[in-house]
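Undergrad: Here's a structure for you.
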Amino acid sequence: MPEPVRVRFAPSPTGHLHVGGARTALFNWAFARHHQGVFILRVEDTDRSRSTEEYIESILEALAWLGLDWDEGPPTAGYRQTERLEIYKAQADRLLGEGRAYRCRCTAEALDALRREAQQCGETFRYPGTCRDLAVPASEPSALRLRIAAEGETVVEDAIHGRVTFDHAQLDDWILVRSDGTPTYNFCVVVDDVTMQITHVIRGNDHLSNTPKQIQCYAALGYPLPLFAHIPMILGPDRSRLSKRHGATSVQAFRDAGIVPEAMLNYLARLGWSHGDQEIFSREDIARHFDLAQVGQAAAIFDRAKLEWLSMHWIKQAPPERLAAQLAPFLARAGLPVPPDRAWLGRVTETLTERSHTLVEMAEKATFYVRPPAAYDPQATARFWTVAAHARYALLIKRLEAQADLDPATVEALYRELAAQLGLKLVDLAQLTRIAITGTTVSPPIFQVVSLLGKAETLARLKAALAAAGARS
Ligand code: GLU
């Protein structure tokens, strides 16, 4: 293992952080943490027409939300490709000076014509080397091409796929710098990886076909190769490449759907990596156990149900105050008042964790805590608002008014006593109370709910129900 390990995540800011990108970021982060190495964030923004500041912001925000902290990268200068143009130019000049690269003056039209010809013959286009030995002078408009051996093969020793061989018949003298002076993507990646002293290139399988080209460039520059690891693709349930067609694919979309970050991270870790049959991993667990040897070759299938199951798991594990902080924006987004008392909201979340897969669900279930019911469920009232309901509400109000302290045990004792006196089952009084408080017959344990809601609010809701039930009977 080269020491120290230096890995990078190199997103192109042409969109939000996709689950595939997030998983690549996670694997790099975990590999770095596992080996006490360095995790670098590099922004590949040379495609100026498609890169935006908003996407850079959004990617950084998504990484921060996942808790994937980088050791080198923005906001420090020098980690965006657009800030590194001088470096590419210096390396390009060096390659030209050493005869490893040459100027090519072929026009786009001439190359297009050759491309069409190749297509007509059913062949893949390869640059025929027209300008290879022409020593095109600097004064002529020209691109810079890498000189590579026309014959032979380039082998990628991949940590996941093993030996992958590419025949040079598939490669050509590719362009390092376009005629307008802009460096190409593959050239920038290699120059960045060597100058940033990257030891392991861990990236998506979709880049495997770029790797032989890049290996040729390392050789021309005279730098040793990093270790390559191309991680398998993520597919949708129909086994086609995961895309918007399959629903949410960006990390932001899952965050907005109320998936907690711990669950997202846990889920991403298991997309292509395993550690025995363990399913639950905290961020620390991932860093502790992650290894490329356990990354499989097979594509991973995205399973939303499993992600939600993990989200429920991590919601249950979360300390109440943290959950309260996570829930607050979801209450606000649902147009609900956000209780200022976080400790109280934390206790509220404790009553809701059993049934919430997401924070959106939890906000929905928390509605009655922060807002009285707008209506009463007609099925519930048809069943429980009998002629006796009015009197029972009145009694409940009287007893609760007499209580100074509404801790759950006191409330339960009070209900049991009243039910016994009236010859009722506890559930009858409980359901009347649920209807008053939530408008429905479903809620977390009702004595806890009454206790959390407090005396004034509980009484107000019981009185409103008493009036409504009275008006009906
Ligand atoms: N910028 C590339 C992407 O967003 C990654 C390149 C690499 O990892 O080598 O897919």
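The values are calculated or read from the model by the stated rules, or taken from the named source; none is laboratory data. Values in this document were obtained by computation on a predicted structure and should not be read as measured data. Don't worry about glycine lacking a Cβ; one is built from the backbone with ideal geometry, like all the others, and counts go over all protein chains shown.
Undergrad: May I ask you to verify whether Arg255 is farther than 30 Å from Tyr102 by Cβ, in a helix (DSSP H, G or I), more than 13 Å from the ligand (Cβ to nearest atom) and charged (D, E, K, R)?
TA: yes
Undergrad: On to the next question. Exactly one condition in (1) away from the ligand (no atom under 16 Å from the Cβ); (2) of a type outside the set (A, V, I, L, M, F, W, C); (3) touching a residue at least 60 places away in the same chain (Cβ under 8 Å) is not met by Arg245; state its number.
TA: The failed condition is (3).
Undergrad: Of the residues that make up the stretch 173-190, is at least one surrounded by fewer than 19 Cβ atoms within 10 Å (Cβ to Cβ) and in a helix (DSSP H, G or I)?
TA: Checking the stretch 173-190: at least one residue is surrounded by fewer than 19 Cβ atoms within 10 Å (Cβ to Cβ) and in a helix (DSSP H, G or I).
Undergrad: Could I ask something else about it? Determine whether the stretch 144-155 contains at least one residue that is out of contact with any helix residue (DSSP H, G or I) (no Cβ under 9 Å at 6 or more places or on another chain) and surrounded by fewer than 17 Cβ atoms within 10 Å (Cβ to Cβ). Write out each step before concluding.
TA: The first filter runs over the stretch 144-155 and keeps only residues out of contact with any helix residue (DSSP H, G or I) (no Cβ under 9 Å at 6 or more places or on another chain), leaving 145.
Checking which are surrounded by fewer than 17 Cβ atoms within 10 Å (Cβ to Cβ) leaves us with none.
Checked against the condition, which is being out of contact with any helix residue (DSSP H, G or I) (no Cβ under 9 Å at 6 or more places or on another chain) and surrounded by fewer than 17 Cβ atoms within 10 Å (Cβ to Cβ), the stretch 144-155 yields no hits at all.
Undergrad: Something else now. Filter the stretch 46-81 for residues that are touching a strand residue (DSSP E or B) at 6+ places or on another chain (Cβ under 9 Å) and at pLDDT below 95 and give the result.
TA: Listed by number, the residues that qualify are Thr46, Ser51.
Undergrad: With the checklist (1) buried (at least 20 other Cβ atoms within 10 Å of the Cβ); (2) farther than 30 Å from Asp172 by Cα; (3) hydroxyl-bearing (Ser, Thr, Tyr) in hand, flag the one item Tyr88 doesn't pass.
TA: Of (1) buried (at least 20 other Cβ atoms within 10 Å of the Cβ); (2) farther than 30 Å from Asp172 by Cα; (3) hydroxyl-bearing (Ser, Thr, Tyr), only one is false for Tyr88: (2).
Undergrad: Right, another one. May I ask you to list pairs of residues, at least six apart or on different chains, whose Cβ atoms are under 7 Å apart, with the first in the stretch 168-179 being at negative phi and the second being among the acidic types (Asp, Glu) and not in a helix (DSSP H, G or I)?
TA: Between residues of the stretch 168-179 that are at negative phi and residues that are among the acidic types (Asp, Glu) and not in a helix (DSSP H, G or I), the close pairs are His168/Glu151; His168/Glu153.
Undergrad: Please work out if Arg94 is more than 19 Å from Ile198 (Cα to Cα), crowded, with 18+ Cβ neighbours inside 10 Å and of a type outside the set (S, T, N, Q).
TA: Spelling it out, it is not the case that Arg94 is more than 19 Å from Ile198 (Cα to Cα), crowded, with 18+ Cβ neighbours inside 10 Å and of a type outside the set (S, T, N, Q).
Undergrad: Whether any residue in the stretch 51-69 is away from the ligand (no atom under 15 Å from the Cβ), within 25 Å of Val194 (Cβ to Cβ), out of contact with any Asp or Glu (no Cβ under 8 Å at 6 or more places or on another chain) and among the charged types (D, E, K, R) is what I want to check.
TA: Yes, the stretch 51-69 contains a residue that is away from the ligand (no atom under 15 Å from the Cβ), within 25 Å of Val194 (Cβ to Cβ), out of contact with any Asp or Glu (no Cβ under 8 Å at 6 or more places or on another chain) and among the charged types (D, E, K, R).
Undergrad: Among Thr433, Thr386, which is the only one that is in a loop (DSSP other than H, G, I, E, B) and out of contact with any Pro (no Cβ under 8 Å at 6 or more places or on another chain)?
TA: That would be Thr386, the only listed residue that is in a loop (DSSP other than H, G, I, E, B) and out of contact with any Pro (no Cβ under 8 Å at 6 or more places or on another chain).
Undergrad: For the stretch 190-226, what are the residues that are away from the ligand (no atom under 13 Å from the Cβ) and within 26 Å of the chain's Cα centre (by Cα)?
TA: Scanning the stretch 190-226 gives a single hit, Thr199.
Undergrad: Report, by residue number, each residue of the stretch 1-23 that is outside any loop (DSSP other than H, G, I, E, B), more than 12 Å from the ligand (Cβ to nearest atom) and more than 15 Å from the chain's Cα centre (by Cα).
TA: Correct list: Arg6 only.
Undergrad: Looking at the stretch 208-219, can you tell me whether even one residue there is in contact (Cβ under 8 Å) with a residue 60 or more places away in the chain and part of a loop (DSSP other than H, G, I, E, B)?
TA: For the stretch 208-219, residues in contact (Cβ under 8 Å) with a residue 60 or more places away in the chain and part of a loop (DSSP other than H, G, I, E, B): absent.
Undergrad: Oh, and also: Taking the stretch 83-108 only, how many residues are modelled with pLDDT of 95 or more and in a helix (DSSP H, G or I)?
TA: Residues meeting the conditions: 14.
Undergrad: Turning to a different aspect of this structure: Restricting attention to the stretch 24-44, which residues are under 18 Å from the mean Cα position of the chain (by Cα), under 15 Å from Ala287 (Cα atoms) and either in a strand (DSSP E or B) or within 12 Å of the ligand (Cβ to nearest atom) (or both)?
TA: Thr24, Ala25, Phe27, Asn28, Phe39
Undergrad: In the stretch 148-178, which residues are touching a Phe, Trp or Tyr at 6+ places or on another chain (Cβ under 6 Å), at pLDDT 95 or above and farther than 18 Å from Leu225 by Cα?
TA: Asp173, Leu176, listed by residue number.
Undergrad: Just a yes or no: is a residue in the stretch 392-404 β-branched (Val, Ile, Thr), assigned to a helix (DSSP H, G or I), surrounded by 11 or more Cβ atoms within 10 Å (Cβ to Cβ) and in contact (Cβ under 8 Å) with a residue 40 or more places away in the chain? Walk me through it before giving the result.
TA: Step one: of the stretch 392-404, the residues β-branched (Val, Ile, Thr) are 397.
With assigned to a helix (DSSP H, G or I) added as a condition, the list becomes 397.
Cutting the leftovers down to surrounded by 11 or more Cβ atoms within 10 Å (Cβ to Cβ) gives us 397.
Next, only the ones that are in contact (Cβ under 8 Å) with a residue 40 or more places away in the chain stay: 397.
Yes, the stretch 392-404 contains a residue that is β-branched (Val, Ile, Thr), assigned to a helix (DSSP H, G or I), surrounded by 11 or more Cβ atoms within 10 Å (Cβ to Cβ) and in contact (Cβ under 8 Å) with a residue 40 or more places away in the chain.
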